[in-house]
């Protein structure tokens, strides 16, 4: 019998966090189960910061369906299996604080922890699961790169924002005869770039999965000019790189080992400068950045988040722990967290773009690739 469950949101914020939280709470309440929010992701487990979530009058979970962000906060730097601690003398050390978190879970009486997050969040969820904690994951990320599911919540909203930006850039580019470059997020996967390019009618889409040849892009732009089209719209994923080159990096965070500290970005500006020099057309870059994360979720993401949240609670009621809620063949399903992390099985290991990581990237057989090519979008190859 489940009596008390905890919900944590972890990783970068997305639109849909609150919709998932609401769905879990409402489903739990229908079965007489108390729900608590764990404040600021995994940090809350360590600091014992829990808040009761309710849809009763004046409850914390009222009116949150359209709200962006997370009412219980989130964290991007909390790997409790390799936790960064600043000592009194200012030096840094790393400790495995997972047992302390497990102690807090047991003392508070949580029967299950729901982990809303991407590959890093679910990696820690898997690690806690191996230590006996009842965990159920819900796949979140605008990057759409969580393994074993066809779509993550937050992704559709990010694509919709990028599409609107492209619509606006089109008019400026056409008016002033310019190359308009839009840099979008996605880290090591090109889902946002490719889908927004198709939806927004872009001429070029550069993604991490296909290293690009700058000359092929120039050729595309010049061919458009020959047909009287003196402007072009280019979408580039932050993780895109030229053939034989490296990903453009803005810097490195100091959040400690055990998390991905690489700050991607800057490729849009680099590309705009190169294209201007090689084509003679003025080129302007717009980096969409955190606009893709914030604000109200689309109808699609509200529905998807609600489906994910209710399914997660259903799995908990059935005792199917150590799993991730997924969309498989268009339907709600679940897979083991072991399958999600793949070869990245070392406790506390960093998640991200490593050989062990099980990120979901675009394959050359994907319908999006075929669709883009069929409508004439240049992919830089």
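The values are calculated or read from the model by the stated rules, or taken from the named source; none is laboratory data. None of these values were measured; they are calculated from a predicted model. Every residue, glycine among them, receives a Cβ derived from its backbone with ideal geometry; neighbour counts consider all protein chains shown.
Filtering 195, 183, 150 for residues that are out of contact with any helix residue (DSSP H, G or I) (no Cβ under 9 Å at 6 or more places or on another chain) and either surrounded by fewer than 20 Cβ atoms within 10 Å (Cβ to Cβ) or under 20 Å from residue 211 (Cα atoms) (or both) leaves a single hit, 150.
Scanning segment 38-57 for residues that are surrounded by fewer than 24 Cβ atoms within 10 Å (Cβ to Cβ) and under 25 Å from residue 120 (Cα atoms) gives 39, 40, 43, 46, 47, 48, 49, 50, 51. For segment 355-381, enumerate the residues that are closer than 22 Å to residue 155 by Cα and either at pLDDT below 95 or part of a loop (DSSP other than H, G, I, E, B) (or both). Matches in segment 355-381: 357, 358, 359, 360, 361, 362, 363, 364, 365, 366, 377, 379.
Scanning segment 33-49 for residues being at positive phi and either without any contact (Cβ under 8 Å) to a residue 24 or more places away in the chain or under 21 Å from the mean Cα position of the chain (by Cα) (or both) gives a total of 2.
A quick yes/no check of all residues on (1) more than 30 Å from residue 351 (Cβ to Cβ); (2) at pLDDT below 95:
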site: 208; (1), (2): no, no
site: 211; (1), (2): no, no
site: 246; (1), (2): no, yes
site: 253; (1), (2): no, yes
site: 276; (1), (2): yes, no
site: 281; (1), (2): yes, no
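Within segment 287-302, if we keep just the residues that are touching a helix residue (DSSP H, G or I) at 6+ places or on another chain (Cβ under 7 Å) and surrounded by fewer than 17 Cβ atoms within 10 Å (Cβ to Cβ), the residue that is nearest to residue 63 (Cα to Cα) turns out to be 300.
Given the condition assigned to a loop (DSSP other than H, G, I, E, B), in contact (Cβ under 8 Å) with a residue 12 or more places away in the chain and either surrounded by fewer than 19 Cβ atoms within 10 Å (Cβ to Cβ) or under 23 Å from the mean Cα position of the chain (by Cα) (or both), answer yes or no: does some residue in segment 303-318 qualify? Scanning segment 303-318, I find no residue that is assigned to a loop (DSSP other than H, G, I, E, B), in contact (Cβ under 8 Å) with a residue 12 or more places away in the chain and either surrounded by fewer than 19 Cβ atoms within 10 Å (Cβ to Cβ) or under 23 Å from the mean Cα position of the chain (by Cα) (or both), so the answer is no. In this entry, residue 284 passes the filter for residues that are in contact with a helix residue (DSSP H, G or I) (Cβ under 8 Å, 6 or more places away or on another chain) and not assigned by TED's automatic domain parsing to the domain that holds residue 129.
Looking at residue 379, is it touching a strand residue (DSSP E or B) at 6+ places or on another chain (Cβ under 9 Å), closer than 16 Å to residue 118 by Cα and buried (at least 19 other Cβ atoms within 10 Å of the Cβ)? The answer is no for residue 379. Does residue 80 qualify as being in contact with a helix residue (DSSP H, G or I) (Cβ under 6 Å, 6 or more places away or on another chain), in the same structural domain as residue 304 (by TED's automatic domain parsing) and either surrounded by fewer than 18 Cβ atoms within 10 Å (Cβ to Cβ) or more than 30 Å from residue 142 (Cβ to Cβ) (or both)? No; evaluated as a whole, the condition is false for this residue. Exactly one residue among 138, 233, 133, 181 is within 23 Å of residue 367 (Cα to Cα) and either at pLDDT 95 or above or in the same structural domain as residue 116 (by TED's automatic domain parsing) (or both), and that residue is 233.
Condition first: touching a helix residue (DSSP H, G or I) at 6+ places or on another chain (Cβ under 7 Å), surrounded by 15 or more Cβ atoms within 10 Å (Cβ to Cβ) and at pLDDT 95 or above. Can you find one or more residues in segment 329-336 that meet it? Scanning segment 329-336, I find at least one residue that is touching a helix residue (DSSP H, G or I) at 6+ places or on another chain (Cβ under 7 Å), surrounded by 15 or more Cβ atoms within 10 Å (Cβ to Cβ) and at pLDDT 95 or above, so the answer is yes. Just wondering, is there one or more residues in segment 198-218 that are free of Cβ contacts under 8 Å to residues at least 60 places away in the same chain and crowded, with 24+ Cβ neighbours inside 10 Å? Among the residues of segment 198-218, not one is free of Cβ contacts under 8 Å to residues at least 60 places away in the same chain and crowded, with 24+ Cβ neighbours inside 10 Å, which makes the answer no.
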